[in-house]
Amino acid sequence: MKCARFAPLLCAWALLAAWHDAIGQQPLQDPTRPPPSVAAREPAEKDVRTPVLQSIVIRRDRRVAIISGQEVVQGGKFGDAVVDKITETEVVLRSGTQRRVLQLYPDVNMSNKEPTTPPRRERERR
């Protein structure tokens, strides 16, 4: 009669083993992988030669820009262009007679407007 007590446990173990084998046959899915409809799209064609200004470091004695992952100093070369000027927000590349301005934040329109302050409310008299 001792075997009868272990019969449910033995059945549960057998079901768990069968379930584990069935699951083990399927490859694991990456939860961060995009759905097949997104992954199947072709990436948009982009000119890989377009330089991208990624960072600017300005020190007292040196100005450095990171353009498309390459560190260049003012007066140095990036491809066939010379880094003509480095400011806080942009880099000017000169190639022969052509000038190209790379902006650190190309989508931000900066202005020198003074911030407006709301008018002060007069104190209420009681």
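The values are calculated or read from the model by the stated rules, or taken from the named source; none is laboratory data. Small disclaimer: the values here were computed from a predicted structure and weren't measured. FYI the Cβ positions are ideal-geometry reconstructions off the backbone, even for glycines, and counts take in every protein chain you see.
Cβ-Cβ contacts under 8 Å between residues 6 or more apart (or on different chains), taken from a first residue in the stretch 51-66 that is hydrophobic (A, V, I, L, M, F, W, C) to a second residue that is at pLDDT below 90 and exposed (fewer than 10 other Cβ atoms within 10 Å of the Cβ), are absent. Among the residues of the stretch 69-86, how many are of a type in the set (Val, Ile, Thr) and closer than 11 Å to Leu53 by Cβ? Result for the stretch 69-86: 3.
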